[in-house]
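See structure below.
The values are calculated or read from the model by the stated rules, or taken from the named source; none is laboratory data. These numbers come from a predicted model, not from an experiment. Virtual Cβ from ideal backbone geometry, glycine too; neighbours counted across all protein chains shown.
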Amino acid sequence: MDTNHGDEEALPSSVHEHVGTLTDFYARHDEAMTPAQRFVERISVFLGSPGYVAGNLLFVVLWIAWNLAAPELGFEQWDEPPFFWLQGLIALNAFIISTTVLIRQNRMSTLASQHAHLDLQINLLADEKTSKIIAMLAELRRDLPQVADRPDPEAEELAKPTDTEAVLSIIENSSERLNCEKK
């Protein structure tokens, strides 16, 4: 029995629209990636896998074991202790891993920045809508004869939209007093 299909039908159509919008956003973001970026993404995912770490550890152990045991077994030793060639391979491996991770993090940072901007826009819109609803309710309370009209300073305060410039100024001043870095 497919319960997900039933759950999808129970959701309002606006949820499906929002999910579709997000899906389109990610699809556009993926389409904008260059072939080189796609390659780096795949490599980065592979390099960050537990299998890769285990493979690396196994390779290092086998390399050391072979080079320590080779002379005893009558074979040529490739890399004598302190394992100069192994150290070079490990350094190259670290360089490749750090570079691919940084490239991927830059892309993910851009995506996170876009998410934060979208969140801010949605929150500002929600604040405006909430302020409007509070103002409309206060107006209804004043206009309806059967509802006692009483002053409500909190509702009056909440009915005002947030002054984002003032909030930003307060945040900037607070961060300066706390010695936070500005970017």
Legend entry - Output for region 103-158, where each listed residue is assigned to a helix (DSSP H, G or I), touching a helix residue (DSSP H, G or I) at 6+ places or on another chain (Cβ under 6 Å) and either within 30 Å of Val45 (Cα to Cα) or modelled with pLDDT under 85 (or both): Ile103, Arg104, Ala138, Ala155, Leu158
Inset, instruction - For region 58-69, state whether one or more residues are over 30 Å from Asp30 (Cβ atoms), of a type in the set (Phe, Trp, Tyr) and not in a helix (DSSP H, G or I). - result: no
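Which of the residues that make up region 92-102 are among the small types (Gly, Ala, Ser) and under 13 Å from Val60 (Cβ atoms)?
So the first thing to find is which residues in region 92-102 are among the small types (Gly, Ala, Ser), and the list is 94, 98.
Passing the criteria: only Ala94.
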Inset, instruction - Kindly list, by first and then second residue, each pair from a residue in region 152-171 that is free of Cβ contacts under 8 Å to residues at least 40 places away in the same chain and closer than 14 Å to Glu139 by Cα to a residue that is of a type outside the set (A, V, I, L, M) and part of a helix (DSSP H, G or I), limited to pairs with Cβ atoms under 7 Å and residues at least 6 apart or on different chains. - result: Leu158/Ser131; Ala159/Ser131; Lys160/Ser131
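Each row is one residue, and each column tells you yes or no for (1) without any contact (Cβ under 8 Å) to a residue 40 or more places away in the chain; (2) in contact with a Ser or Thr (Cβ under 9 Å, 6 or more places away or on another chain); (3) among the hydrophobic types (A, V, I, L, M, F, W, C).
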| site | (1), (2), (3) |
| --- | --- |
| Val61 | yes, no, yes |
| Gly74 | yes, no, no |
| Pro81 | yes, no, no |
| Ala94 | yes, no, yes |
| Ser98 | yes, no, no |
| Ala116 | yes, no, yes |
| Leu125 | yes, no, yes |
| Ser131 | yes, yes, no |
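Search region 77-95 for residues being assigned to a helix (DSSP H, G or I) and surrounded by 12 or more Cβ atoms within 10 Å (Cβ to Cβ), and hand back the single one that is nearest to the chain's Cα centre (by Cα).
Taking region 77-95 as the starting set, the residues that turn out to be assigned to a helix (DSSP H, G or I) are 84-95.
Retained after the next criterion (residues that are surrounded by 12 or more Cβ atoms within 10 Å (Cβ to Cβ)): 85-86, 89-90, 93.
On the way: Trp85: 38, Leu86: 36, Leu89: 32, Ile90: 30, Asn93: 26 Å.
Filtering first and then ranking leaves Asn93.
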Legend entry - In region 26-41, residue farthest from Ile96 (Cα to Cα) [restricted to those that are without any contact (Cβ under 8 Å) to a residue 24 or more places away in the chain and among the hydrophobic types (A, V, I, L, M, F, W, C)]: Ala27
